[in-house]
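**Student:** Before I ask anything, let me first share the structure, which is written out below as structure tokens.
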């Protein structure tokens, strides 16, 4: 009887040990797998394929809100390499899948849209991007590097024949620059099934596991216009100046510096000529914190200040939302296998990643929703937003290798 109890105890311990690591592969074991090593070599050999893809995607003009043509091109390439359930939805997000067995999903995310200035530079260039040694030069290349990395990694994964436990989802999302709208759609679709989101912004020299809240406002001011000779008051510039001075004295940024609580006025605009007081004007407001309560408190104080100045001068203010990026923290995220495996992958690829709990990109949506997420980032090239923008091909290939290894480890991809 005692022997049976002892044997049962040992069996339970073995089952517990196996279950504690279920659903993932350890990186040190993965890096001894010949199939995995061949996949990494295959990515290196796909350099020209990836560079040509970047020329294609990067050459498509895609300012935020107008990503449809780029999304179609990405979807076409997804189908060519063998991803399934490929679709472009109304967002427009483009999504392709490597099917797993669990009903759960590991989702990799890249950004489809570019800054408005990038689109203007693309139109002015009058020619597509081009390869120059280890670089792809031309406006539109910097952001699209990450989408190309996702597809390159996906092709290597499909060619390897490894089968994941969880669906491996590759998604290019829209309107990252204008309120994370595409990511909000993606999260609504996958939040019930997601084991994690990986926001791909580069090769992984920085790993974010928490989200910094960022609220951008345009504060509009309205008052009577008039010629200087008919009197300079009331004047909206006086109201704007008085409001800005008081807003910048709000104490939370000094009190909660350790929580990245910040407040800034960076842009002020009004008037056009010397001898007329303006009828309208505006200034920007950038409010940030790791804690939503600090953001709410500062914004409440801003509204009170605007109300006070209105009462004092008889002029009107309106707060217009420009962009809302939510904050969030996941308990235990830093010690999670997702973060620690990502750190080891970056080390393996030659990096020494900085870990941060203050990410500010697509991952903010999923973290704020309570889903474990990371952002892997790095410099992707340079001069983004300028006519001489460029992307680094070697960075693109290391980013693809990071995605490849993350999918195999966290997605538990194995030979069946």
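FYI, it's all coordinate maths here, none of it is from the lab. This structure is a prediction, so every number in the text was calculated from the model and none was measured. In this analysis, Cβ positions are derived from the backbone assuming ideal geometry, glycine residues included, and neighbour counts consider all displayed protein chains.
**Student:** What's the extension gain from residue 123 to residue 274 if we count 0.36 nm per residue and subtract their Cα-Cα distance?
**Tutor:** Here the segment from residue 123 to residue 274 would lengthen by 50.8 nm.
**Student:** Just to confirm the number: angle between the C-alpha axis of helix 34-45 and the first principal axis of the chain, 0 to 90 degrees, nearest 10?
**Tutor:** With both axes taken from Cα atoms, the answer is about 40 degrees.
**Student:** State the extension gain, in nm to one decimal, for the chain segment bounded by residue 48 and residue 286, taking 0.36 nm per residue of separation less the distance between their alpha-carbons.
**Tutor:** Full-extension gain reported as 81.5 nm.
**Student:** Stokes-Einstein at 25 °C, 0.890 mPa s, Kirkwood radius from Cα pairs: D for segment 256-385 in µm² s⁻¹?
**Tutor:** So the translational diffusion coefficient is about 133 µm²/s.
**Student:** Run the helix sum for the chain: -39,500 (n - 2.57) per DSSP H stretch of 4+ residues, divided by residue count, reported at 222 nm to the nearest 500 deg cm²/dmol.
**Tutor:** -13000 deg cm²/dmol
**Student:** Given just the C-alpha atoms of segment 72-230, how large is their convex hull per residue in cubic angstrom?
**Tutor:** Dividing the Cα hull volume of segment 72-230 by its residue count gives 208 Å³.
**Student:** Now for a different question. Full extension from residue 304 to residue 192: what is 0.36 nm times the residue separation minus their Cα-Cα distance, to one decimal in nm?
**Tutor:** 36.4 nm
**Student:** Do you know the relative contact order of segment 216-325, to the nearest whole percent, from alpha carbon pairs under 8 angstrom that are 6+ apart?
**Tutor:** Once normalised by length, the contact order is 42 percent.
**Student:** Percent of Cα-Cα pairs more than 24 Å apart in segment 216-325, please.
**Tutor:** 28
**Student:** Can you order the peptides 341-350, 103-112, 43-52, 29-38 by their average number of other Cβ atoms within 10 Å per residue, highest first?
**Tutor:** Most protected by this proxy first, the peptides run 103-112, 341-350, 43-52, 29-38.
**Student:** Convex hull over the Cα atoms of the chain, averaged projected area in nm²?
**Tutor:** The number I arrive at for the chain is 25.7 nm².
**Student:** Taking 1 over the mean of 1/r across every pair of different Cα atoms in segment 115-162, what Kirkwood radius in Å do you get?
**Tutor:** Final number for the Kirkwood radius of segment 115-162 is 12.5 Å.
**Student:** May I pose another question? Mind checking the alpha-carbon convex hull of segment 198-279 and giving the volume per residue in Å³?
**Tutor:** That works out to 144 Å³ per residue.
**Student:** For the chain, find the longest principal axis of its Cα atoms and tell me its angle to the long axis of helix 337-348, 0 to 90°, nearest 10.
**Tutor:** 80
**Student:** Please give the per residue volume of the convex hull enclosing the alpha carbon atoms of segment 371-416, rounded to a whole number of Å³.
**Tutor:** 102
**Student:** A further question follows. If eta is 0.692 mPa s and T is 37 °C, what Stokes-Einstein diffusion coefficient results for segment 41-123, Kirkwood Rh from Cα pairs, in µm²/s?
**Tutor:** In µm²/s, the coefficient rounds to 230.
**Student:** A further question on this structure: Between residue 354 and residue 29, what is the spin-label point distance in nm, taking each point 7 Å from the Cα along the Cα→C-beta axis?
**Tutor:** 3.5
**Student:** Apply 1/(1 + (r/R0)^6) to the Cβ-Cβ distance of residue 37 and residue 230, taking R0 = 60 Å, and write down the FRET efficiency to the nearest 0.05.
**Tutor:** Taking R0 as 60 Å, the efficiency between residue 37 and residue 230 is 0.15.
**Student:** Which translational diffusion coefficient, to the nearest whole µm²/s, is obtained for segment 310-416 from the Stokes-Einstein equation, given a Kirkwood hydrodynamic radius over C-alpha pairs, 10 °C and 1.306 mPa s?
**Tutor:** Translational D for this selection: 93 µm²/s.
**Student:** Continuing with the same structure: Can you give me the relative contact order of the chain as a percent, contacts being Cα pairs under 8 Å and 6 or more apart?
**Tutor:** Result for the chain is 25 percent.
**Student:** Taking the Cβ-Cβ separation of residue 321 and residue 84 as r and a Förster radius of 45 Å, what is the calculated FRET efficiency to the nearest 0.05?
**Tutor:** Step by step, r from the Cβ atoms, then E = 0.75.
**Student:** If you look at just the Cα atoms of segment 145-227, how large are its Rg and its Dmax in Å?
**Tutor:** Taking only Cα atoms of segment 145-227, I get Rg and Dmax of 19.6, 75 Å.
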